[in-house]
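Asks: Take this structure first; my questions come after.
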Amino acid sequence: MYFLHGLDSSGNGTKGQFFARNFPQVVRPDFAGSLPERLKQLTALCTRHHKLLFIGSSFGGLMATCYAIQHPQQVARLILLAPALNFADYHPPATQLQVPTLVVVGQHDAVTPAADVTRLAKATFADLEINIADDDHLLHATFHRLDWQHLLAG
């Protein structure tokens with residue numbers, strides 16, 4: 001299990017600290033650089049692993065999605081929190097991914113607007129659940145209310 005942080009955050013940000021306290025089995029690496037550089041760092045960490053569960057926040061959600069497109073056989077499930085699927089360089093794959101995916105996005109999110117994320121997620125994932133929350137990009141009101149025990153148990 002990996003938590004992939006957002007662009008200007010770290011594995012030790014607010015969400016990362018939540019996982020450290022409550023779910024220490026969640027690995028929280030730090031990433032830097034461009035999307036290709038971050039994906040290279042993630043690939044180096046995950047090369048020998050299978051049945052990966054990624055929790056991706058914002059840019060980390062984009063990273064998790066791109067990794068799943070490149071390595072679908074390695075990814076068991078995705079939990080994407082306000083994923084940056086609206087990033088200019090992102091394009092859904094020609095064939096939808098079969099990876100079970102939960103997307104949580106805030107209806108008041110100005111960074112990753114719910115309408116854009118929903119459209120792109122539907123084009124990307126065949127097995128998709130979308131939760132549009134009464135929240136903004138940081139999902140402060142929603143994040144702690146998610147049933148993490150259940151979500152991480154599979």
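The values are calculated or read from the model by the stated rules, or taken from the named source; none is laboratory data. Quantities reported herein were computed from a predicted structural model and do not represent experimental measurements. Quick reminder, even Gly has a Cβ in these numbers, built from the backbone with ideal geometry, and neighbours come from all protein chains shown.
Asks: Output the helices (runs of 4 or more DSSP H) that fall wholly within the range 60-154 and possess 1 or more residues being aliphatic (A, V, I, L, M) and in contact (Cβ under 8 Å) with a residue 60 or more places away in the chain, or say none. So that I can check it myself, show each step before the final result.
Replies: Values: elements: 114-124, 140-143, 148-153.
Qualifying helices (runs of 4 or more DSSP H): 148-153.
Asks: Count, please, the residues in the range 28-40 that happen to be touching a helix residue (DSSP H, G or I) at 6+ places or on another chain (Cβ under 8 Å) and either over 10 Å from Gly60 (Cα atoms) or not in a loop (DSSP other than H, G, I, E, B) (or both).
Replies: Filtering the range 28-40 for residues touching a helix residue (DSSP H, G or I) at 6+ places or on another chain (Cβ under 8 Å) gives 28-29, 31-33, 35, 38-39.
Adding the requirement that they be either over 10 Å from Gly60 (Cα atoms) or not in a loop (DSSP other than H, G, I, E, B) (or both) leaves 28-29, 32-33, 35, 38-39.
The qualifying residues number 7.
Asks: Right, another one. Within the range 25-47, count every residue that is within 14 Å of Val75 (Cβ to Cβ) and either modelled with pLDDT of 95 or more or not polar (S, T, N, Q) (or both).
Replies: First, the residues of the range 25-47 that are within 14 Å of Val75 (Cβ to Cβ): 39, 42-43, 45-47.
Now narrow it down to the ones that are either modelled with pLDDT of 95 or more or not polar (S, T, N, Q) (or both): 39, 42-43, 45-46.
Within the range 25-47, residues that are within 14 Å of Val75 (Cβ to Cβ) and either modelled with pLDDT of 95 or more or not polar (S, T, N, Q) (or both) number 5.
Asks: Moving on to the next point. Search the range 69-93 for residues being among the polar types (S, T, N, Q) and surrounded by 15 or more Cβ atoms within 10 Å (Cβ to Cβ), and hand back the single one that is nearest to Pro36 (Cα to Cα). It would help to see each step written out before you state the result.
Replies: Just the residues of the range 69-93 that are among the polar types (S, T, N, Q), to begin with: 70, 73-74, 86.
With the extra rule that they be surrounded by 15 or more Cβ atoms within 10 Å (Cβ to Cβ), the set shrinks to 74, 86.
On the way: Gln74: 19, Asn86: 16 Å.
Checked the range 69-93; the qualifying residue nearest to Pro36 (Cα to Cα) is Asn86.
Asks: Give me the residue from the range 1-41 that is free of Cβ contacts under 8 Å to residues at least 40 places away in the same chain and of a type in the set (A, V, I, L, M, F, W, C) and, out of that set, surrounded by the most Cβ atoms within 10 Å (Cβ to Cβ).
Replies: For the range 1-41, the residue satisfying everything is Phe31.
Asks: Being aliphatic (A, V, I, L, M), surrounded by 16 or more Cβ atoms within 10 Å (Cβ to Cβ) and closer than 12 Å to Leu80 by Cα, is that true of even one residue in the range 110-119?
Replies: Taking every residue of the range 110-119 in turn, at least one turns out to be aliphatic (A, V, I, L, M), surrounded by 16 or more Cβ atoms within 10 Å (Cβ to Cβ) and closer than 12 Å to Leu80 by Cα.
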